[in-house]
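Student: One structure follows; several queries about it will come next.
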Amino acid sequence: MNYSAQVVFIVSGDSDVRSSLECVLSARGLHTVSFETAAEYLACATPSVPACLVLDVELPDTGGLDLQQQLMGAGPPIVFVTRHADLACAVRAIKAGALDFLAMPFDPQQLLRAVQAALDICDSARAQHEKLKEIGDRYARLTPRERQVLRRVVSGLLNKQVAAELGISEITVQIHRQRVMRKMRAASFADLVRFAGLLRVPFDDDTFVGAAVPMYYTTPPYQMLQMQR
């Protein structure tokens, strides 16, 4: 499926619940896609736009909490809804990363706030992912020697210490360092250190073949955002 801007997935075995959620969200101009079962949702293609999953605790084929567990690290932020408020379920859902847990009948404004928060977090995480991917692509274009120099200078070694470790002249280290700064598009040494930290560049690994960039649907968006705080 293709989505133009944002999408709110609704998964509930109760047609009345689905209709109620669709009505509230659509009235705010949000695009919704509804499913009756967890299986139907799982068969849906992963969206390439910011998304939120409004998930009923009770589903015809599996429990909402079980689906959350199955999706952990591979789906959009979740807002739970339920007709039967259960403190234990709410605690379990929140601990597992759900953004909110709403008992029905719910306050429409509370639902809208929760969904919008999920979409905002998702959008921020996607932007962060694109930024990290771009930095990772720059790092991947460095030569093996340039990576060796980068890893050592960001660890705090002086040029003469890097030269001694690598068995090259200090002038050669300076040349490699300048090339690294240019290729990484680092305006300052502080930028270079920050880029290396974001990519978790290892000090002693000379076999790096790709940037260690957290993928959008590998790390839950809300967890990615929290890690950047």
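Student: Using only Cα atoms, tell me the angle between helix 144-154 and the longest principal axis of the chain; keep it within 0 to 90° and round to the nearest 10.
Tutor: 80 degrees
Student: I would also like to ask the following. Between residue 15 and residue 37, what is the FRET efficiency for a Förster distance of 22 Å, r being their Cβ-Cβ separation, to the nearest 0.05?
Tutor: 0.95
Student: In nm, to one decimal, how far is the modelled label at residue 107 from the one at residue 145, with both set 7 Å along Cα→Cβ?
Tutor: 6.5 nm
Student: Check cross-link reach from residue 131 to the lysines: straight Cα distance under 30 Å, and skip same-chain residues fewer than eight apart.
Tutor: 95, 183
Student: Most mobile of 80, 189, 35 per a Gaussian network model of the chain (Cα springs, under 10 Å)?
Tutor: 189
Student: Apply 1/(1 + (r/R0)^6) to the Cβ-Cβ distance of residue 158 and residue 124, taking R0 = 41 Å, and write down the FRET efficiency to the nearest 0.05.
Tutor: The pair residue 158/residue 124 has a calculated efficiency of 0.60.
Student: Separation between the residue 171 and residue 66 pseudo-spin-labels, each 7 Å from Cα along Cα→Cβ, expressed in nm?
Tutor: It works out to 7.1 nm between the two label points.
Student: Related question: Please determine, in degrees from 0 to 90 and to the nearest 10, the orientation of helix 108-140 with respect to the longest principal axis defined by the Cα atoms of the chain, where the helix direction is its Cα long axis.
Tutor: For helix 108-140, the angle is close to 20 degrees.
Student: Distance from the Cα centre of the stretch 107-140 to that of the stretch 60-74, in angstrom?
Tutor: With the stretch 107-140 and the stretch 60-74 each reduced to a Cα centre, they are spaced 21 Å.
Student: Right, another one. Calculate how steeply helix 15-27 sits against the longest principal axis of the alpha-carbon atoms of the chain, using the helix alpha-carbon long axis, and give the answer as 0 to 90 degrees to the nearest 10.
Tutor: Approximately 60 degrees, to the nearest ten.
Student: Between residue 92 and residue 134, how high is the FRET efficiency from 1/(1 + (r/R0)^6) when r is the Cβ-Cβ distance and R₀ = 35 Å? Nearest 0.05.
Tutor: 0.40
Student: Additional query: Across the stretch 74-79, in residue order, what do the Karplus-derived ³J(HN,Hα) couplings come to in whole Hz, using 6.51 cos²θ - 1.76 cosθ + 1.60 with θ = phi - 60° and x for Gly and Pro?
Tutor: The phi angles translate into 9, x, x, x, 10, 10 Hz.
Student: Let me ask something else about it. Among 139, 41, which comes first, then next, by fewest other beta-carbon atoms within 10 Å?
Tutor: So the ranking, lowest neighbour count to highest, is 41, 139.
Coordinate-derived values only; no laboratory data. On a predicted model such as this, the values are computed, not experimentally measured, just so you know. Counting neighbours? That spans all protein chains shown, and the Cβs are built from the backbone with ideal geometry, glycine included.
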